[in-house]
Structures are given as structure tokens and as C-alpha cells.
Amino acid sequence: QVQLVESGGGLVQAGGSLRLSCAASGRSAYTMGWFRQAPGKEREFVTSIIWNFGITRYADSVKGRFTISRDNAKNTVWLQMNSLKPEDTAIYYCAADLDGSDYTSPRQWASWGQGTQVTVSS
């Protein structure tokens, strides 16, 4: 498995921005993504990227506000989050190695980071 370490979470006011990073080590991952989990809710898909081709996908709830990007040299993916809303408050998890066709399902991702808290105040 690839090892993932997230950073960049924090507290921000509604309308603000945060950038999360996920550093991968151990080996390269073909696919990487971000999920989030709010208290009392299931883990939900946010965005993903196919590393070699830069193909990205987004949940409807974040389209136009969040952007995933990669740094090949650093083996790192970034999640730029703009126009944040209180409903974006959650623990954000980095994922790697999609093992299936449903990229929105947490069960089909093999590797996970520990998560980083994002809190958006109203």
C-alpha cells in the first residue's frame, strides 16, 4: 500500500479558502482522491484524479469551488477549496488506489490517510 499524509486543515469563516495537501510515499498511485465525513454522516466522495492523465472528477456539491491538482515531482495532490460553506465542515481524507469502477464508493479505495479537520464557521 501507499502511505498517505494529509495536512492543511483548519478553521475558516464562510466564504474563505483552504488548501489541503496529501503526500504519498512508498510507491506511486495511479488514482488519488479526497473524501470527507461529517459527524453522524457517511464518508462521501469529494474529488479524484487519475495521476498520469490528470483526469478529474468532482461531487456536484463542490463543483466550481474545489480544485484537485497534482505535483508529480513531490508525489503530492492538492485540494484547493474556495467559497467554503458551513456544510463543508468535515474530516477530509485522502485516498489512493481505486480498485473498482465506482470512484465515489469509499469501499473501492485501498489506501487512506489519517484525515484532517476542516471547520467552516458561519
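The values are calculated or read from the model by the stated rules, or taken from the named source; none is laboratory data. Predicted model only: the values in this text are computed from it and were never measured. Using ideal geometry, Cβ is built from the backbone for each residue, glycine included, and neighbour counts are taken over all protein chains shown. Ligands, DNA and RNA are stripped out before the accessible areas are found, and what is left, the full protein with its side chains, is counted by its heavy atoms. Shrake-Rupley method; radii C 1.70, N 1.55, O 1.52, S 1.80 Å.
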On the protein heavy atoms, probe 1.4 angstrom, tell me the percent of accessible surface of the chain carried by carbon and sulfur. 45 percent
In whole Å, what is the distance between the alpha-carbon centres of the stretch 42-99 and the stretch 15-32? 8 Å
By accessible area of protein heavy atoms, probe 1.4 Å, what ranking do Asp97, Asp60 get, highest first? Asp60, Asp97
Where trypsin sites (Lys or Arg not before Pro) in DSSP loops with at most 14 other Cβ within 10 Å are excluded, longest remaining stretch of the chain: 75-122
Given a 1.4 Å probe, how much area per residue of the chain is accessible, in Å²? 52 Å²
Radius of gyration and Dmax over the Cα atoms of the chain, both given in Å: 13.3, 40
Phi to ³J(HN,Hα) by Karplus 6.51 cos²θ - 1.76 cosθ + 1.60 over the stretch 87-93, Hz, x for Gly, Pro: 6, 7, 4, 4, 8, 9, 10
Give me the percent relative contact order of the chain, please, defined on Cα pairs under 8 angstrom at least 6 residues apart. 35 percent
